[in-house]
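The values are calculated or read from the model by the stated rules, or taken from the named source; none is laboratory data. As the structure is a computational prediction, the values presented were derived from the model and not from experiment. Cβ placement follows ideal geometry from the backbone for every residue including glycine, while neighbour counts extend to all protein chains displayed. Accessible surface areas use protein heavy atoms only, side chains included; no ligands, DNA or RNA. Shrake-Rupley method; radii C 1.70, N 1.55, O 1.52, S 1.80 Å.
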Amino acid sequence: MQGIAYAQDKCINSSLLVASLISLFEYRQLNIHQLLSGTGIFEQDLRHLNHKISPLQLGKLIDNALNLWPGNDLAFLLGQQWLPSQSGNLTNGLLCSANLTEMQALWQQYHWQSQPWLQGWRWQTTQQQHLILQLDIATAKQQQFFIELTLSSFVASYKRLANQTWQGHFSLPYAKPKHIDQYHKYLGDKLSFTQPLCVISYDLALNNVPFQMADKQGFKLAELQAQQQLKQAEFTIGLPAMIRRLLTKGQHHSLPDIAHALGLSPATLKRRLKPFSVSFQQLQDQANLHNAIYLLAVTGETNLQVAQQLKFADSNNFRRSFKRWTGQLPSQFRYWLNQT
């Protein structure tokens with residue numbers, strides 16, 4: 001299917017993360033040859049306009065970088081320089097955004113142009129806005145690196161545009177790391193670890209804090225250009241995110257259904273997912289959780305109503321599944337939402 005990137009597809013512009021990594025390694029006088037070893041990426045290739053790498057190459061590059069970097073702050077440092085070092089339509093639009101609402105909406109729609117390793121979706125409760133981040137073309141074993149990179153870039157961008165410190169809360173889906181000092185330095189103190197999901201949460205009032213570089217005409221032009229670029233792009237979404245999207249829409253439920261929709265056999269689909277370190281069952285659970293959160297948090301459905309809409313046999317079956325997905329019962333999850 002056109003637009004879907006598989007693990008071996010050259011779909012990631014090397015002027016993004018690759019160029020930033022090399023610059024940082026050169027600044028620290030670290031071995032570039034070792035950084036690129038086994039990746040199939042060569043320094044001379046990076047001089048070519050629109051040079052692309054695959055998710056497999058990206059994964060190997062990140063593994064090398066983490067093994068070679070003398071510290072635990074690599075992702076945070078890359079995040080700090082993300083917006084200033086990037087160029088392009090999406091970056092221009094982010095810089096011209098009027099406020100956080102406008103910036104997030106633009107990023108969510110066109111993030112593939114600068115951060116294709118992630119997928120995000122938003123919902124809001126009475127007092128808070130929430131943004132869930134899930135992996136797309138990045139592998140599950142590198143989840144923490146990409147979360148650190150993204151949250152660091154988010155906080156740094158907000159500080160630059162709003163001219164004030166970030167006041168939101170981060171829920172992180174892994175145990176408290178040893179380098180917690182880096183989290184406090186770059187992300188602040190409002191952190192919760194070993195949580196069901198990676199969620200950015202903040203008071204709704206922050207949505208309307210005016211940005212210092214707001215430019216209505218510049219934003220419209222950048223948005224139009226980003227839209228045109230997306231239409232012309234060979235790839236616009238990774239395989240895991242596309243499967244999650246199809247499952248979330250609810251029109252397809254089983255692996256054979258999804259494989260048929262993608263023009264693949266079930267065996268081929270399983271094989272195509274393996275390099276991403278994710279199974280179809282995991283994506284199915286994520287999609288069901290996505291829909292369950294919306295129904296629990298936004299529409300206020302009961303467990304029985306959610307179970308019926310998600311095609312579970314009964315509410316007890318749904319409760320057990322929800323506990324398996326998140327480590328919490330639906331009632332505990334509602335409490336967690338109200339505390340973030």
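So here's what we get for this one:
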read-out	value
Highest-MSF residue in the chain out of Leu46, Leu151, Leu56 [GNM, Cα springs under 10 Å]	Leu46
Relative contact order of the chain, defined on C-alpha pairs under 8 angstrom at six or more residues apart (%)	19
Unit charges on C-beta of K, R, D, E only; dipole of segment 1-70, Debye	60
Spin-label zone in segment 116-143 - amide nitrogen under 17 Å from a point set 7 Å from the Cα of Gln281 along the C-beta vector	none
Length gained when the stretch Tyr294-Leu30 is fully extended (0.36 nm per residue, less Cα-Cα span)	90.4 nm
Charge dipole magnitude, Cβ of K and R +1, D and E -1 - the chain, Cα centre, debye nearest 20	640
GNM result for the chain, Cα springs below 10 Å: residue of Gln129, Gln305, Gln104 fluctuating most strongly	Gln305
Estimated inter-spin distance, Lys231 and Phe42, nm [label 7 Å along Cα→Cβ]	3.8
Sum of side-chain charges, Gly238 neighbourhood, beta-carbon under 12 Å (Lys, Arg +1; Asp, Glu -1)	+1
Gap separating the Cα centres of segment 250-283 and segment 21-74, nearest whole Å	31
Unit charges at the beta carbon, dipole of the chain: most positive-side option, Gln225, Met213, Val199	Val199
Loop chymotrypsin sites (Phe, Trp or Tyr not before Pro), segment 1-81, which have at most 14 other Cβ atoms in a 10 Å radius of their Cβ (DSSP)	Phe42
Rel. contact order, % - alpha carbon contacts under 8 angstrom, at least six apart, segment 238-338	20
Estimated distance in nm for a label pair at Ala105 and Tyr174, the labels positioned 7 Å out from Cα along Cα-to-Cβ	3.3
Full-stretch length increase - Gln124, Thr194 - with 0.36 nm per residue and alpha-carbon distance subtracted	23.0 nm
Per residue, in Å², the accessible surface of segment 178-221 once ligands and nucleic acids are set aside, probe 1.4 Å	57
Trypsin sites (Lys or Arg not before Pro) lying in DSSP loop within segment 183-247, provided at most 15 other Cβ fall within 10 Å	Lys190
FRET efficiency, Leu66 to Lys270 (Cβ-Cβ, R0 41 Å, nearest 0.05)	0.90
Percent carbon-and-sulfur accessible area, the chain, ignoring ligands, DNA and RNA, probe 1.4 Å	47
Segment 75-235, Cα convex hull volume normalised per residue, Å³	109
Rounded to 5, percent antiparallel among DSSP beta bridges of the chain	80
Value of relative contact order over segment 78-160, rounded to a whole percent, pairs C-alpha under 8 Å and six or more apart	35
